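Have a look at the structure below before the remarks.
The values are calculated or read from the model by the stated rules, or taken from the named source; none is laboratory data. Keep in mind it's a predicted model, so treat the numbers as computed, not measured. Note: ideal-geometry Cβ built from the backbone for every residue, glycine included; neighbour counts use all protein chains shown. In case anyone asks, the SASA skips ligands and DNA or RNA and just uses the protein heavy atoms, side chains included. Shrake-Rupley method; radii C 1.70, N 1.55, O 1.52, S 1.80 Å.
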Amino acid sequence: MLARVLSGAVLGIDAYLVEVEVDISPGLPGVSTVGLAEGAVRESRDRVRSALKNAGYPFPSRRITVNLAPADIRKEGAAFDLPMAVGILTASGVMDSERLHDYILLGELSLDGRIKPVRGALSIALEARSRGLRGVILPHENAREAGVVADVEVLEADRLNSVVEFLNGRIELEPVRVDITQAMAEKRTYQVDFNEVRGQQHVKRALEVAAAGSHNVLMIGPPGSGKTMLAQRLATILPEISLEEALETTRIFSVAGLLPPGRALMTARPFRAPHHTISDAGLIGGGAIPRPGEVSLSHNGVLFLDEFPEFKKNALEVLRQPLEDGRVTISRAAASLTFPARLMLVAAMNPCPCGYHGDPQHECRCSPLQIQRYRSKVSGPLLDRIDLHVEVPAVSYRDISREDGGEPSAAIRERLERARKIQRQRFAGRKIYANAQMRPKMIERYCAIPADARRLLEMAIDRLGFSARAYHRVLKIARTIADLEEAEHISAAHVGEAIQYRSLDRRDLQ
């Protein structure tokens, strides 16, 4: 007898429908799985056999063939355990198949019949809605995640028996509904605050400008000057995440298996800080079946790279595409996948190998050649893609001993919210949210500058040797500074401040 059960899988961060076909025929007892099944999928036969027996259901002593269609896409993971078990029971005549065509089933089975969580539930629920299906049946831990999708019935189950009884019409499973407004109200509380940073007022201002327009920033300073401390507190001033951004971020974390159990949405912007020993695949994503890396996990948030020149050169160079295009394309023999990667890069580095070049309080022990080699690890094209270059000097005793550290994060965040609101209104109808994401045509339209500002910018380009990309970045930064002041037009003062944030451009770093 033949049975068909609907399931789903993810490719990149998008889901696709998988039809699990189970055929039971005379022959030597055994289970064969076809349809480009990876190791975890092939092992399902042993988990399913034990789960069925321990849940009190018979396992057929006949030849069982399981096909996962479409058969030309490689399948991985344990999410097919539940649909395979249901398919075997249906083909054996134990279950009624009337409800099977209305629901997508997914879940990993424990040996005693419990259903364990899987990855990509939100993407699969979205696919169920696009296919016009009634709903999905999935583990309890994934229910709130999938429940944010409207017009889809999300049913949670803890054990195989519950799914079988529901599909046979003997019990009803209560649909899970998530209040989006309430889920978005679950804001993150921070244990740190910007007013804990003593001194460094100009660096705080630079980070405020960077956060207001989602600009990339590089901090250069000696050890102990507060670079890491500032970067860690940057998340506390970032504008609140929008619903659309939260859905995108949640999908990525769900596919990566990093979404906390029971969490409906990622309501805080991600802050990722990988160690400098990370590989290029770990940073950008990869694998036989590509997975999102730290760059994609930072989507709509911050990627902090401390000790910037210590990262492997090939790992740094792969950052070029996401910083420019806001996405990552990973090509393999089996498939070419694109992951979103619209992020704010915050990098920190010392001015030289010993860290004290230019510090009046410490003597630098590095030779000019050593300094040049150290700084040349950050290539010119990559440096061009970083909007702000900020010097972070050592903090004086007077600043350290002050009781007041300045404005709290909440006050700064209010200004940023107003600036981002201006940008959202400016870019309404487009798929961009901040000034840093503007394309050249948008720069021409929204970043017009007066004659005195043009003369100032021309002088800076001649003296500092800005590239065309750096020129556009100065205009974007100037637009953000004007938005912070709620000014309609960019002035020469805005351009002058923006130029200061490019003073450590390539000519000075090589």
(request) For residue 186 and residue 168, calculate 0.36 nm times their separation in residues minus their Cα-Cα distance, and state this gained length in nm to one decimal. (result) 2.7 nm
(request) Compute the long axis of helix 468-484 from its Cα atoms, compare it with the longest principal axis of the Cα atoms of the chain, and write down the angle in degrees, 0 to 90, nearest 10. (result) 90
(message) Charges at C-beta only: +1 for Lys and Arg, -1 for Asp and Glu. How large is the resulting dipole of the chain about its Cα centre, in Debye rounded to 20?
(response) 1020
(request) May I ask you to rank 344, 1 by accessible area, largest first, using a 1.4 Å probe over the protein chains only? (result) 1, 344
(request) Quick one: angle between helix 243-255 and the longest Cα principal axis of the chain, in degrees between 0 and 90, rounded to 10, please. (result) 60
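Excluding residue 244 itself, calculate the net charge of residues whose Cβ lies under 14 Å from the Cβ of residue 244, where each Lys or Arg counts +1 and each Asp or Glu counts -1. Display every interim value, and only then the final one.
Working: positive: 251, 269, 342, 420, 424, 430, 431; negative: 240, 245, 248.
For residues surrounding residue 244, the net value is +4.
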(message) Give me the one-decimal nm value for the distance between modelled label points at residue 40 and residue 404, 7 Å along each residue's Cα-to-Cβ direction.
(response) 5.5
(request) Take the solvent-accessible surface of the protein heavy atoms, probe 1.4 Å, and return the percent of it on the chain that carbon and sulfur atoms account for. (result) 48
(request) Could you bin all the Cα-Cα distances of the stretch 155-265 into 10 Å bins starting at 0 and give me the percent of pairs in each, rounded to whole numbers? (result) 11, 27, 26, 18, 8, 8, 3
(request) Run the quick spin-label model on residue 275 and residue 110: label points 7 Å from Cα toward the beta carbon, then report their separation in nm to one decimal. (result) 3.2
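Let me know the shape class of the chain, please: from the alpha-carbon gyration tensor, a ≥ b ≥ c as square roots of the eigenvalues, rounded when a/c is under 1.5, otherwise prolate if a/b is greater than b/c, or oblate. Don't jump to the answer; show the numbers that get you there.
Working: a/c = 2.56, a/b = 2.23, b/c = 1.14.
Verdict is prolate for the chain.
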(request) Output the relative contact order of the stretch 370-510, whole-number percent, from Cα pairs under 8 angstrom with separation of 6+ residues. (result) 37
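Counting heavy atoms of the protein chains only and a 1.4 Å probe, report the per residue accessible area for the chain as a whole number of Å². Before the final figure, lay out the partial values.
Values: 22240 Å² over 510 residues.
Each residue of the chain exposes 44 Å² on average to a 1.4 Å probe.
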(request) Take every DSSP beta bridge whose two residues both sit in the chain, then give the antiparallel share in percent to the nearest 5. (result) 50
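Given Cα pairs under 8 Å that are at least 6 residues apart, what percent is the relative contact order of the stretch 8-158?
On the way: 308 pairs, mean separation 37.1, N = 151.
Relative contact order, the stretch 8-158: 25 percent.
Over the stretch 279-430, what is the relative contact order in whole percent, taking alpha-carbon pairs under 8 Å and six or more residues apart?
Values: 172 pairs, mean separation 30.0, N = 152.
Over the stretch 279-430, the number comes to 20 percent.
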(message) Please report the net charge: other residues with Cβ closer than 14 Å to the Cβ of residue 99, K and R +1, D and E -1.
(response) -3
(request) Report, by chain and number, residues whose modeled amide H sits under 5 Å from the one on residue 388, excluding near sequence neighbours (fewer than 5 apart, same chain). (result) 216, 217, 218
(request) With a 1.4 Å probe and all protein chains in place, put 11, 383, 323 in order of accessible area, largest first. (result) 11, 323, 383
(message) If each DSSP helix of 4+ residues adds -39,500 (n - 2.57) and the sum is divided by the residues in the chain, what number results at 222 nm, nearest 500 deg cm²/dmol?
(response) -10500 deg cm²/dmol
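For a Förster distance of 30 Å, can you work out the FRET efficiency between the beta-carbons of residue 418 and residue 444, rounded to the nearest 0.05?
Values: r = 25 Å, r/R0 = 0.84.
E(calc), rounded to 0.05, equals 0.75.
Quick check: from the Cα gyration tensor, does the stretch 125-181 come out rounded (a/c under 1.5), prolate or oblate?
Values: a/c = 2.15, a/b = 1.52, b/c = 1.42.
Prolate shape, in that a/c is at least 1.5 and a/b is the bigger ratio.
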(request) For residue 320 paired with residue 391, estimate the spin-label separation in nm (one decimal), with each label point 7 Å from Cα along the Cα-to-Cβ line. (result) 3.0
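If I take R0 = 35 Å and measure r between the Cβ atoms of residue 411 and residue 451 in this structure, what FRET efficiency does the formula 1/(1 + (r/R0)^6) give, to the nearest 0.05?
Details: r = 36 Å, r/R0 = 1.02.
Efficiency, from the Cβ-Cβ distance: 0.45.
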(message) Taking 30 Å as R0, compute the FRET efficiency from the Cβ-Cβ separation of residue 335 and residue 244 and round it to 0.05.
(response) 0.70
(message) Given axes a ≥ b ≥ c from the Cα gyration tensor, I'd like to know whether the stretch 373-510 is rounded (a/c under 1.5), prolate (a/b larger than b/c) or oblate.
(response) oblate
